[in-house]
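Just below is one structure, and these are the notes that go with it.
Derivation of every value follows stated rules applied to the coordinates shown; laboratory data play no part. Owing to the predicted nature of the structure, the values given are computational and were not obtained by experimental measurement. Virtual Cβ from ideal backbone geometry, glycine too; neighbours counted across all protein chains shown.
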Amino acid sequence: MRIFSLFSVALLFALAVTLGACGSSGGGSSTANGSSNSENSNVRTVTGTISDAGLSSVDTVRATDETGAPYSASVSATGRVAALTSSTFSLSLPTGHYYSISFLSGSSVISSLAFNLGATSSASVTNFYLSDSADPVDLGSVQSQGTGTASPQVNPLTENDQDNDGVSDYDDTDDDNDGIDDWNDTDYSSTSGGGSDDSGSNDYNGGSDDNGSNDDNGGSDDNGNGHN
């Protein structure tokens, strides 16, 4: 009897250790990208309307974040764009990421969304930071520019505030508050690969300045000085 009792105690102890080990090995939260990232805990909707015959063949709208993860939505099948009726789209995206938006026909990209970097910049960019908010980002009507780009009626930078300082990213010259002006910040992607600014500072992607200051691409400025 005593041997049986000792065996029972040992068995119960082993079971308790096993259950304790299982309880302590729980995983973190999973995101749409399959990795644990607290920034992805909130989701925000990005909507828009395609009412332009230049985008008549578009059947899918795709948002791609800075990691390359794609999020797609089908364009509404009710009323085709070719008949100049509206087609709407809605994307549910994790916040805390930069996104670029493309318009596809089948598997081919027809156009990419492009918009102005800010109120004080003439640069055109193709991505934006999606900040936390209860309100959706409504791009309004999207129009083809005929050059592989499409412009939104509403600039998405006006509807986001990356550093949560009460100033929209469109009006904020340093969206992420990292001390680097947006036109010098590599977080944004330019459509031209080399724009011009009027501020006298170096361009973020290697364009030329109006006052002859150094650029990043090794060209020459307007007054004949060499560049780095």
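I want to make sure I understand the PRE zone here: with the label point 7 angstrom from the Cα of Asp176 toward its beta carbon, which residues in segment 117-131 have backbone N atoms less than 11 Å away?
129
Return the long-range amide H neighbours of Asp138 (sequence gap of 5 or more, or a different chain), with a cut-off of under 5 Å between placed amide H atoms.
Thr47
Working out 0.36 nm times the residue gap between Asp163 and Ser74, then minus their Cα-Cα distance, what length gain in nm do you get to one decimal?
Length difference between fully extended and current span is 28.9 nm.
Within segment 125-155, find all residues whose amide N lies under 18 Å from a label point positioned 7 Å from the Cα of Tyr98 along Cα-to-beta-carbon.
Flagged as within label range: 125-132.
Report, by chain and number, residues whose modeled amide H sits under 5 Å from the one on Asp169, excluding near sequence neighbours (fewer than 5 apart, same chain).
When sequence neighbours closer than 5 places are left aside, the close amide H contacts are Asn160, Asp161, Gln162.
Would you grab the residues whose amide H sits under 5 Å from the one on Val43? Only those 5+ places off in sequence or on another chain, please, with H modelled 1.01 Å from N.
Thr95
If you plug each phi of segment 165-179 into the Karplus form 6.51 cos²θ - 1.76 cosθ + 1.60 with θ = phi - 60°, what whole-Hz ³J(HN,Hα) values come out, in order, with x for Gly and Pro?
Residue by residue, segment 165-179 yields 9, x, 10, 4, 4, 5, 8, 8, 7, 9, 4, 9, 6, 9, x Hz.
Hey, fewest Cβ within 10 Å first, where do Ser108, Ser72 land in order?
With the fewest neighbours first, Ser108, Ser72 line up as Ser108, Ser72.
Tell me the Kirkwood hydrodynamic radius of segment 39-158 in angstroms, computed as one over the mean inverse distance between distinct C-alpha pairs.
On the way: mean 1/r = 0.0695 Å⁻¹.
Evaluated on segment 39-158, it is 14.4 Å.
Roughly what would the spin-label model give for Ala53 and Thr120, points 7 Å off Cα along C-beta, in nm?
Distance between label points: 4.3 nm.
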